[in-house]
Structure formats: structure tokens, C-alpha cells
Amino acid sequence: MLDRLAPRPGAQQKRKRVARGPGSGLQKTAGRGGKGQGKNSRGNETPAYFEGGQMPLVRRLPKRGFTNIHRVTYEIVNVGDLEGFTAGAEIDLAALAKRGLVKRNSTKVKLLGTGDAPQGLKLRVHKASESAVQKVQSAGGSVEIVA
């Protein structure tokens, strides 16, 4: 039975041997036509954004806005996301990263007030909203803002 295994018809095609004369079946130009930009070696085809010499769309559209190089980005953690921590736990960037709540390379964390706060957590974050601080404090915990 194994001796009868073969690829499906048409699955294997012969390699195109170009520049082998008229006997190859590809004539003298190897199937690339007569004159024009694409007649020579591969790699110099027109790029996808080329519009035939017309001013490209990328250059026709206006530029807008700018990127602030001094922007500080914060990873967001909601109070409701802290349910897995036990009462009295001290939570900082390393603890949040260990639980997968923030990326390890994140530099700053902001605490927001969505959800219910677990009992008695001691949080060390870079920023916190007023509602988040109130929820944590009303649950018997504390929020420390680190620089």
C-alpha cells in the first residue's frame, strides 16, 4: 500500500529553467515579455505604493499632529482586579507583574476605581484616582503614592 503513495496530480511542478533558449518552451525572453521595467533581473519591480508617476496618496494627504517625546504612559489596574490578593498583602509593581496584571517592563502604574476593593490591602502605585483611594481606604487598606 505504501508503494502506491504519490503526490496528487499537479501538486509538483517542474522548475522553470529560464535563459535556456527557444527549446525550453519559454522562448527567448523567458516568459517576461519584450520591453519594459520588469524584463530584467528580479527585485526591481515597481513597489506596491507606486501610482504610475501620479503624486502618491501618502504625499497628497496632509500631515497632522505630533508625538510628544516627554509623554509618560501608565499601566491601568482597577480596584476590582485585585480580588486574588489576600487581606494584608503588600502590593507593588513586582506583585502586580507576577499576577499578570501589568507587563514587567512597565514603568508606572495607575490605580482606578472600577470594581470593589478587597479587604486590607497595602498598595504602592505611581498614581491613583480619588475613587480608587476611597474604596481601598473604606475596605481597611491604604494607598501609597511612589515617585
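If amide H atoms are built 1.01 Å from N in the plane of the peptide, which residues on other chains or at least 5 residues away come under 5 Å of the amide H of residue 91?
122, 123, 124
Sort all Cα-Cα distances of segment 37-147 into consecutive 10 angstrom bins from zero, then give the percent of pairs in each bin up to the one containing the longest distance.
12, 33, 14, 9, 12, 13, 7, 1
Taking R0 as 41 Å, what FRET efficiency do you get between residue 78 and residue 41 from their Cβ-Cβ distance, rounded to the nearest 0.05? Let's see the in-between values first.
Working: r = 58 Å, r/R0 = 1.41.
In this case the efficiency is close to 0.10.
Starting at the first residue of segment 131-140, write each ³J(HN,Hα) from the Karplus equation 6.51 cos²θ - 1.76 cosθ + 1.60 with θ = phi - 60°, in whole Hz, x for Gly and Pro.
Values per residue, Gly and Pro as x: 5, 5, 4, 5, 5, 5, 5, 5, 8, x Hz.
Taking segment 1-41 as the region of interest, what is the percent of Cα-Cα pairs per 10 angstrom bin, listed from the shortest bin to the one with the maximum distance?
Values per bin, smallest distances first: 25, 31, 22, 15, 7, 0.
To the nearest 10 square angstrom, what accessible area does residue 127 show with a 1.4 Å probe?
We get 90 Å² for residue 127.
Looking at 47, 121, 34, which one has the Cα that reaches farthest to the positive end of the dipole of the chain (charges on Cβ: Lys, Arg +1; Asp, Glu -1)?
Of the candidates, 34 comes out farthest on the positive side.
Counting helices only, and only those DSSP H runs with n ≥ 4, report the 222 nm mean residue ellipticity of the chain as the sum of -39,500 (n - 2.57) divided by its residues, in deg cm²/dmol to the nearest 500. Provide the component values of the computation, followed by the final result.
On the way: 3 runs with 19 residues, N = 147.
So the helix-based figure for the chain works out to -3000 deg cm²/dmol.
Given the protein chains as shown and a 1.4 Å probe, how many square angstrom of residue 70 are accessible, to the nearest 10?
Its heavy atoms expose roughly 140 Å² to the probe.
May I ask you to compute the full-extension gain from residue 89 to residue 4, defined as 0.36 nm times their residue separation minus their alpha-carbon distance, rounded to one decimal in nm? Don't skip to the end; give the middle numbers.
Working: separation 85, 0.36 × 85 = 30.60 nm, distance 6.76 nm.
The span from residue 89 to residue 4 would gain 23.8 nm if fully extended.
Once both labels are modelled 7 Å past Cα along the beta-carbon direction, what's the residue 59-residue 12 spacing in nm?
5.0 nm
Could you size up the charge dipole of segment 1-139 around its Cα centre, putting +1 on the beta carbon of Lys and Arg and -1 on that of Asp and Glu, and report it in debye to the nearest 20? Show your work: numbers first, answer last.
Values: 27 positive and 10 negative charges, 332 e Å.
It works out to roughly 1600 debye.
What number of lysine-lysine pairs in the chain show an alpha-carbon separation below 30 angstrom, given a sequence spacing of 8 or more or placement on distinct chains?
Counting lysine pairs in the chain gives 23.
With a cut-off of at most 14 other beta carbons within 10 Å, and DSSP calling the residue loop, which GluC sites (Glu not before Pro) in segment 43-124 qualify? Please list them. If you can, show how the numbers build up before the last one.
Numbers: sites: 45, 51, 75, 83, 90; in loops: 45, 51.
In loop regions of segment 43-124 (DSSP not H, G, I, E or B), the sparsely surrounded GluC sites (Glu not before Pro) are 45, 51.
The values are calculated or read from the model by the stated rules, or taken from the named source; none is laboratory data. As the structure is a prediction and not an experimental result, all values here were calculated from the model. In this analysis, Cβ positions are derived from the backbone assuming ideal geometry, glycine residues included, and neighbour counts consider all displayed protein chains. SASA here: full protein model, heavy atoms, side chains in, ligands and nucleic acids out. Shrake-Rupley method; radii C 1.70, N 1.55, O 1.52, S 1.80 Å.
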